1. Determine Rg/Rh for the stretch 246-373; Rg is computed over alpha-carbon atoms and Rh is the Kirkwood hydrodynamic estimate from the same atoms.
2. Please report the carbon-and-sulfur percent of the accessible area for the chain; probe 1.4 Å, protein heavy atoms only, DNA, RNA and ligands left out.
3. From the backbone phi of the stretch 142-158, what are the Karplus-calculated ³J(HN,Hα) couplings (6.51 cos²θ - 1.76 cosθ + 1.60, θ = phi - 60°) in whole Hz, Gly and Pro given as x?
4. Where the centre of each part is set by its Cα atoms, how far does the stretch 210-269 sit from the stretch 286-347, in angstrom?
5. Restricting to bridges with both residues inside the chain, how much of the DSSP beta-bridge set is antiparallel, in percent to the nearest 5?
6. Under the rule of at least 5 residues apart or a separate chain, name every residue whose amide H is placed under 5 Å from the amide H of VAL318.
7. Once the Cα gyration tensor of the stretch 50-146 is diagonalised, what are the square roots of 5 times its eigenvalues, in whole Å and ordered largest first, as equivalent ellipsoid semi-axes?
8. Report, by chain and number, residues whose modeled amide H sits under 5 Å from the one on VAL93, excluding near sequence neighbours (fewer than 5 apart, same chain).
Amino acid sequence: MRASAFDTIDEELEDRIRGIEKFMQLQIAALSPVEIRDEFREHSVLGPGGDLFQVCDEKGEWLYRSSVLESSHVPIRLPNRVAEQPIYENFDVQGTTVRFATGRVVVNSHPYTVQVAAPLNEFYQALERFRLILWLSAPVLLILAGLGGYFISRRALRPVDQITSAAESISIRNLSGRLEVPKTSDELQRLSETLNRMLTRLGSSVQRISQLTADASHELRAPISLIRTTAELAVQSGRTNAEYHEDMVQILAEAERTTRLIDNLLLLARADAGESGLQHELTPLSTSIREAIEQGRRLAAEKRIELTADLDSHPVVVRGDSEALRRLFFILIDNGIKYTQEGGRVQISAEVLNGRATIKVADTGIGISESDQAHIFDRFWRVDKVRSRDMGGAGLGLSIARWIVEQHHGSIEVQSKVGQGSTFTATIPLGAVSS
């Protein structure tokens, strides 16, 4: 307010200087010095601003001085040249602060110095009144602003409180609950939608964990029950050595099957925790394939299944873990042998297509229906659960196979028709070989 008031006063003083300049241009050439003083006195009475101005020529001789300024001996500064803007300064005149503006004008080729003034009493009184109003109104305004901010913030944060209450009510027992999404198109809506998507993922994860625990318990219960029953029979008296031997063989087979199941579960648990433990290095793919074939020949021979390989004559090198790759190919070969009738055929081939190693394991087995193909890589999923359990399978092999392929940045898919067999295709990026 102070700066704005001074700007207004300075503009009025500058306008008065310009008015005196116009008056001098009209009167000074035709009048004597005495007449000029009379005209200035009349101008001071009739003009704006009252009798607070003085004029002198370039020699410092006064053309006119207001009585108040003359009696107070107010000096006048003689500018060196005609300035675009007047010179503003404050002086105390008879106990009153007065604002002065000094400017240089040229009339009939003669320079004159014009000084006009305006008292600042009313200005300072208005400033004091404004300051008093501020002191009295500022606390009230602050209180009102605080109350308004409180109510506005409470209203703005009400959806956040609702989200907090809803989130606190959701636990692992009711992950199906969802937050209400406000239709506000702002951060709260995006936050609610994000939390709902997170709850969906958590619900799916918890459901998979619960299903995994239930399936694992079910798979472990059968061999453990069989081991217990066989052991109870073995401790009974009156059994022959041959019967004892048969019991021990059965217990050993079930123990081995249980051990494989536990190893597979541990592998998948480490995979879920992000601890792959694989050593990625340049590996000839044909070596892992041949080792898997040799491992599966005995199983194929037991069912008189023809096991053949069609490998690329050029070495196919990938960056991966050779032991994990061997396990991947054996899982696919073992799966083909299990579900192929006696006298059938299982063939594994490898070639390079579009910069990727493509491995196919095809069998002439029972095939997989289209509805089951979508779940064939899920854990503990088996098309025929009774038949798979009799074959020693727990439904984890293909899940492990998919995990191994994904760890090598590849993909795996199945094509199958019921009664015609299945073809599993795995693709793995080639490894860069330095020349």
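The values are calculated or read from the model by the stated rules, or taken from the named source; none is laboratory data. Since this is a predicted model, take the numbers as computed values, not measurements. Surface areas here come from the heavy atoms of the whole protein model, side chains and all, with no ligands, DNA or RNA. Shrake-Rupley method; radii C 1.70, N 1.55, O 1.52, S 1.80 Å.
1. 1.01
2. Carbon and sulfur atoms account for 54 percent of the accessible area of the chain.
3. 5, 5, 4, 5, x, 5, x, x, 5, 5, 5, 5, 5, 5, 5, 8, 4
4. 28 Å
5. Given both bridge residues lie in the chain, the antiparallel proportion sits at roughly 90 percent.
6. Excluding prolines and chain starts, which carry no amide H, the hits are THR283, LEU285, GLY431.
7. Equivalent ellipsoid semi-axes, largest first: 40, 16, 8 Å.
8. VAL98
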